[in-house]
Amino acid sequence: MEKFIEYGDLFVFNVFYKVFVLVLFLKVQMATLADIAVSGAINLLSAFIFLLAFAILRLQPFNDRVYFPKWYLKGLRSSPSRSGAFVRRVVNLDFRSYIRFLNWMPEALKMPEPELIDHAGLDSAVYLRIYLMGLKIFVPITFLAWAILVPVNYTNNALEAAKMVADVTASDIDKLSISNIPLKSQRFWTHIVMAYAFTFWTCYVLLREYEKVASMRLQFLSSERRRPDQFTVLVRNVPPDPDETVSELVEHFFLVNHPDHYLTHRVVCNANKLASLVKKKKKKQNWLDYYQLKYSRDQSQRPQMKTGFLGLWGGKVDAIDYHISEIEKLSEEIEEERKRVLKDPKSIMPAAFVSFKTRWGAAVCAQTQQSRNPTLWLTEWAAEPRDVYWQNLAIPYMSLKVRRLIIGVAFFFLTFFFMIPIASVQALASIEGIEKRAPFLKSVIEIKFIKSVIQGFLPGIALKLFLIFLPTILMIMSKFEGFVSLSSLERRSATRYYIFLIINVFLGSILTGAAFEQLNSFINQSANEIPKTIGVAVPMKATFFITYIMVDGWAGIAGEVLMLKPLILYHLKNFFLVKTEKDREEAMDPGSVGFNTGEPRIQLYFLLGLVYATVTPLLLPFIIIFFAFAFAVFRHQIINVYNQEYESGAAFWPDVHGRVITALVISQLSLMGLMSTKQAAQSTPFLIALPVLTIWFHRFCNGRHKSAFVKYPLQEAMMKDTLERARDPNFNLKAYLQSAYVHPVFKGDDDDIDEDDLLSGKMETDSVLVPTKRQSRRNTPAPSKISGGSSPSLPETVKNGEP
């Protein structure tokens, strides 16, 4: 959809429009106002229970590391269970604190945004602005829709008349929607005017936010303290050379082409097997710690275990001795593999992290073409060391296109075939589906309360359960594609998740379930009556999305703050594995924002709000409650819990902007399809300009602000470099950058210097000429400790460094 917006492909436009109109032509059986009330009560009660449990659990001293891990990681908080009476170290006996169980909400809102950026980073602060943007867009739209559209819709009787024409299911809720306006009514002009007003307001907020976030990013980059990625470029697809190693070739290339700014480099090695062995050893060490701790508590008998699969079968052995021997074997394998990685040329990949003396030099290299062959010496900004996904650096660059093609095809089939289980679940979640497949339950489900629960709650929770495993699948697919940073992996996964939600949750929920069961009513009607029935029935699916919002956006968000899984895991680790304070810190699982799952979910609410703003305004208050509640919850989590894995400087904002634009275009196309069924021939053509203007606006915003998120201005780089040289002229930048991009499996080793000698480039400041090992290359303008040996084919004067 984003490519459609970016390039305006007419073919995609036609196909999408026809599919969407077809979706609008489907009639869906609706829940009643009582069903919505039951669903609301269930979800509000669930949210209240979660919040109450959270309020009690967070106050207990033994849970302090679960609900405030960020402060522990920063060293600003100590455990309250270290001193005092035993009971007070375990249970909070201050009953006044329980009365104010919701005081965490205003506390979360007190921290000003600049302080929040210093505390949690720009990524987290800008992520919260997505929720604020939702409030800025939908609060005025809701007031306007309820003040104008709801009275216009309610003061008609089209639904009553439609019941005489066809078997259309409707409730009091639908009287507030556009379905209640008769065909060819002049009142449709109100909806068209409101569509323009909503579009202009949304675009205005988007423009202001784009400007604000771009300014925040540039200010963050200019005021931020020194980081390795500001001086470093990732170079890929280094061409092979028979006379020089990759390290030598990289060094000489940048000494020749960037003589005044090149500082050092570190080539990329394939240490995936080594990393796997280290990870396996760590797991064995955890088991050894567990059994040793168990034995220290009860020394009457040494712990035993079975060596088979999952310890279910096999011979019994002493668990401690077994794991000690396994760890020793793994240590030997790790040492052998480490030596192989450092000495085997095949382990060195044609890629390197190249560091420069200045940000200006790095910016020039990262943002320019290095060779006349555009497929060689490819440069891009290096991710910060925390953000690097090391496994994918070992993937050959030329295979990335094939990998992405494979995943593109796989994602297509995943997206469209996933609709089959969703359709099945949605059918089972209906009253008719349950009665058909379990007739013995008919007497039970016909009870009014049970029926309301099934219609108002079950479909939303069923869809939610089906989406639990999807983010993991999409992240695996993104990793297979070969992205080399965690941030790019999450952005790619988020894009696919959003596409999936549009097709399977939005379109799929309209297409599947009870909709298929009602197609028979269309078949038995005359052709000229079908469009009339469709136009009345389209907005009725809004109540399903209301239940989904309450399940996912109310109870789901309240469940997020409870952190039940980290709570259980922490106490299990604390009981079975923790020996030292370091172990206790490692037992904490603060997690992170999770951009790949959280942002697409937010965008689904933007889509629902914009689509139904002019069709069924009743949905809008539920959207506002979600954005307000989620903003408070996630602000609390970002301040006290989440420890962000990386900092990208809000590089994801263009994606956020593009997806809101996508939702806006979808809402406009849906309204066009709906109005065409209402025989509003005079007013409908006026909607054609809306998607055109929206796409133009999107291109304008990207042209104006997107460069701030993909390029670093040379002016800013020079200013930062100048100020830094004036403040700290004696800073040893080379020593600072030398080990910044060491593979994690090499960090902390005793003989790390060997890896430095082999994989890092060296440079001195002498300006004499030295030869390279290549027979066909001129001398480089600076010496190299790696390739300092003279070439036998060179004149003696050159060997001695004379001109």
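The values are calculated or read from the model by the stated rules, or taken from the named source; none is laboratory data. Computed from a predicted structure; not experimentally measured. Counting neighbours? That spans all protein chains shown, and the Cβs are built from the backbone with ideal geometry, glycine included. Side chains included, ligands, DNA and RNA excluded: accessible areas come from the protein's heavy atoms. Shrake-Rupley method; radii C 1.70, N 1.55, O 1.52, S 1.80 Å.
Summary table
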{"item": "Evaluation of residue 676 against (1) at pLDDT below 90; (2) under 30 Å from residue 356 (Cβ atoms) (one fails), failing number", "result": "(2)"}
{"item": "Which listed residue is farther than 23 Å from residue 556 by Cβ and either touching a residue at least 40 places away in the same chain (Cβ under 8 Å) or in contact with a Gly (Cβ under 7 Å, 6 or more places away or on another chain) (or both), from 600, 654", "result": "654"}
{"item": "Where residue 627 falls short, out of the listed (1) touching a residue at least 60 places away in the same chain (Cβ under 8 Å); (2) under 25 Å from the mean Cα position of the chain (by Cα); (3) open to solvent by 20 Å² or more (accessible area, probe 1.4 Å)", "result": "(3)"}
{"item": "Residues of the stretch 650-666 that turn out to be open to solvent by less than 10 Å² (accessible area, probe 1.4 Å) and of a type outside the set (A, V, I, L, M), as a count", "result": "5"}
{"item": "Search result, residues across the stretch 552-573 that are open to solvent by less than 10 Å² (accessible area, probe 1.4 Å) and of a type in the set (Val, Ile, Thr)", "result": "557, 561"}
{"item": "Selected residue (criterion: farthest from residue 291 (Cα to Cα)) from residues of the stretch 302-325 that are β-branched (Val, Ile, Thr) and open to solvent by less than 50 Å² (accessible area, probe 1.4 Å)", "result": "317"}
{"item": "In the stretch 574-602, the residues that are at pLDDT below 85, crowded, with 17+ Cβ neighbours inside 10 Å and part of a helix (DSSP H, G or I)", "result": "584, 587"}
{"item": "Selection count where residues are open to solvent by 40 Å² or more (accessible area, probe 1.4 Å) and in contact with a Ser or Thr (Cβ under 7 Å, 6 or more places away or on another chain), scope the stretch 188-210", "result": "1"}
{"item": "Single unsatisfied condition, residue 703 versus (1) farther than 21 Å from residue 194 by Cβ; (2) surrounded by 14 or more Cβ atoms within 10 Å (Cβ to Cβ); (3) within 33 Å of the chain's Cα centre (by Cα)", "result": "(2)"}
{"item": "Residues that are at pLDDT below 95 and either more than 25 Å from residue 119 (Cα to Cα) or in contact with a Pro (Cβ under 7 Å, 6 or more places away or on another chain) (or both), drawn from the stretch 638-661", "result": "641, 642, 643"}
{"item": "Matching option when the condition is farther than 30 Å from residue 715 by Cβ, of a type outside the set (Ser, Thr, Tyr) and open to solvent by 50 Å² or more (accessible area, probe 1.4 Å), among 219, 292", "result": "292"}
{"item": "Hits in the stretch 635-652 - residues which are touching an Asp or Glu at 6+ places or on another chain (Cβ under 8 Å) and part of a helix (DSSP H, G or I)", "result": "636, 637"}
{"item": "Helices (runs of 4 or more DSSP H) enclosed by the stretch 96-144 - at least 2 residues per element that are more than 25 Å from residue 611 (Cβ to Cβ) and without any contact (Cβ under 8 Å) to a residue 40 or more places away in the chain", "result": "104-110, 113-120"}
{"item": "Meets criteria (open to solvent by less than 40 Å² (accessible area, probe 1.4 Å), among the polar types (S, T, N, Q), farther than 21 Å from residue 679 by Cβ and at pLDDT below 90) for residue 185", "result": "no"}
{"item": "Wholly within the stretch 672-747, helices (runs of 4 or more DSSP H) carrying at least 1 residues that are of a type in the set (Phe, Trp, Tyr) and out of contact with any Leu (no Cβ under 6 Å at 6 or more places or on another chain)", "result": "689-701, 707-710, 733-738"}
{"item": "Single residue of the stretch 394-412 satisfying the filter (open to solvent by 70 Å² or more (accessible area, probe 1.4 Å) and not charged (D, E, K, R)) that is farthest from residue 347 (Cα to Cα)", "result": "412"}
{"item": "Residues (open to solvent by less than 20 Å² (accessible area, probe 1.4 Å) and at pLDDT below 90) located in the stretch 98-134", "result": "104, 108"}
{"item": "Test: residue in the stretch 236-247 that is assigned to a helix (DSSP H, G or I), hydrophobic (A, V, I, L, M, F, W, C) and either crowded, with 21+ Cβ neighbours inside 10 Å or free of Cβ contacts under 8 Å to residues at least 12 places away in the same chain (or both)", "result": "yes"}
{"item": "Where residue 265 falls short, out of the listed (1) in a helix (DSSP H, G or I); (2) more than 30 Å from residue 325 (Cα to Cα); (3) in contact with a helix residue (DSSP H, G or I) (Cβ under 7 Å, 6 or more places away or on another chain)", "result": "(1)"}
{"item": "Residue within the stretch 342-365 that is more than 28 Å from residue 224 (Cα to Cα), acidic (Asp, Glu), open to solvent by 30 Å² or more (accessible area, probe 1.4 Å) and in contact (Cβ under 8 Å) with a residue 24 or more places away in the chain present", "result": "no"}
